[in-house]
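Only the coordinates and a few stated rules stand behind these numbers; no lab work does. Note that the structure is predicted; figures quoted are calculated from it, not measured. Glycine also receives a Cβ, built like all others from the backbone with ideal geometry; neighbour counts cover every protein chain displayed.
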Amino acid sequence: MNKDYYQILGVDRNADESEIKKSYRKLSKEHHPDLNPNNKESEEKFKSIAEAYSVLSDKEKKINYDRFGTADGRTNPFGGMNMDDVFTSFRANMNKRTMKGGDIRINMKLTLEEMYHGVQKKIIYRKLSKCEPCNGKGGETIDCVTCNGIGMVNSTQNTPFGQMQTTMNCPNCSGTGSIISKKCSTCLGNGANQKEVPFEFDLPQGIMDGEMLRVYGMGNSVRNGVEGDLLINVIETPHEKFKRVGLDIHQKINLTYKDLVMGNDSVEIDTIDNKIRFKIHSGTKIGTMLRVPNKGFVRENQKGDMLMEIWLDIPTNIDEEEKFKINSLKI
């Protein structure tokens, strides 16, 4: 922060050249090192007084200081405000930035195949979009007279411990720092209008049921604020054959009694993306769980497996000849 040279010399900002010189002579004599030996505080004050006078007594430097807050004309990032002003402005700006429109939640049903391979989806949904004619301001605005455009007001309360001061959103402008003087004819002062919005997005390979994807800035708009987010909730559609468990895929395989007893070197089995040949060993029991590595879901660097639960394929309609053969078996 730059020094307040007027305060150092003890003069008003409208003081003329003679007043500035008079104050300088008085203070410089009072804090001169020769009159205050071994007094570090007076020495520092004397230096500050000399620095202040060197600026305010120079016409060009004084103009720069009055305009920019510095003698060389470089802009002071805090505009010459005191610390209370700086923090008040900072809090006000932070408060304004936190104003956010509502989030929008959408349920997205996916087949197991779409979740396995990943898929691109295109949707059209309704949202409050920023009003273009008024640029989301709701109309023509003026600074709020209650908070002077800051967006916050101070409130003092008496407590058993004394007076306490709190800072709160201005109730007149809801913390925006401005009020509408003339409403926008398009949005009627809301700063946003209902619109149907198309949106195309990719869902990654291996996405899980119940996962929530957040798309920043695609939610509802709010007057003098920022857009909310779009939340896409993934819902898995039940599959007639496969069941997902984590990264693994489960299914039931119906085999004939002959395959279970004698075995089969080449049983054709469906996977989620193709068919494979699998060997069934003789004497395989009903309920056995067989595993095919790396035939499950892929997610980043992880791969699941295909798990097959063995069941007996029992025929429901058999002729007399087949009944005779079954009765002839000695088991």
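Tabulated data
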item	result
Filtered trypsin sites (Lys or Arg not before Pro), the stretch 167-270: DSSP coil and at most 16 other beta carbons within 10 Å	241
Relative contact order of the stretch 104-236, defined on C-alpha pairs under 8 angstrom at six or more residues apart (%)	39 percent
Folded to 0 to 90 degrees: helix 59-68 orientation relative to the chain principal axis, Cα	30 degrees
In the stretch 99-185, chymotrypsin sites (Phe, Trp or Tyr not before Pro) in a DSSP loop with at most 13 other beta-carbon atoms within 10 Å	161
For the chain, with +1 on Lys and Arg beta carbons and -1 on Asp and Glu, the positive-most of 311, 213, 283 along the dipole	213
Sequence-separation-based contact order of the chain, relative, with Cα cut under 8 Å and 6+ spacing, percent	15 percent
In range of the label at residue 140: residues from the stretch 172-187 whose backbone nitrogen is under 13 Å from the point 7 Å along Cα→Cβ	180-185
Restricting the stretch 177-260 to chymotrypsin sites (Phe, Trp or Tyr not before Pro) in coil, as DSSP defines it, with at most 12 other Cβ within 10 Å	216
FRET efficiency estimate (nearest 0.05) - Cβ-Cβ, residue 18 to residue 183, R0 51 angstrom	0.40
Hull shadow area, averaged, the stretch 166-281 [alpha-carbon convex hull, nm²]	13.9 nm²
Cut-off of 10 Å, at most 11 other beta carbons, DSSP loop: longest stretch of the chain lacking such GluC sites (Glu not before Pro)	1-239
From phi via Karplus (6.51, -1.76, 1.60), per-residue ³J(HN,Hα) for the stretch 285-292 in Hz, x at Gly/Pro	8, 5, x, 4, 9, 9, 10, 10
Whole-number Å³ per residue for the convex hull built on Cα positions in the stretch 104-236	139 Å³
The chain, dipole about Cα centre (Lys/Arg Cβ +1, Asp/Glu Cβ -1), debye to the nearest 20	440 debye
Equivalent ellipsoid semi-axes - Cα gyration tensor, the stretch 5-80, angstrom	24, 14, 9
Cα gyration tensor category, rounded, prolate or oblate, for the stretch 114-164 with a/c compared to 1.5	oblate
MRE, 222 nm, helices only [DSSP H, n ≥ 4, -39500 (n - 2.57), over the chain, to nearest 500]	-7500 deg cm²/dmol
Fraction of alpha-carbon pairs over 25 Å apart in the chain - percent	75 percent
Calculated P(r) of the stretch 232-323 - Cα pairs past 22 Å, %	39 percent
Long-range amide H partners of residue 203 with built H, under 5 Å	119, 120, 121
Rounded to whole Hz, the Karplus (6.51, -1.76, 1.60) HN-Hα couplings of the stretch 259-276, x for glycine and proline	4, 5, 7, 8, x, 8, 7, 8, 8, 7, 10, 7, 10, 6, 10, 6, 10, 10
For the stretch 41-52, Karplus couplings with θ = phi - 60° (6.51, -1.76, 1.60), whole Hz, Gly/Pro x	4, 5, 4, 5, 5, 4, 5, 5, 5, 5, 5, 4
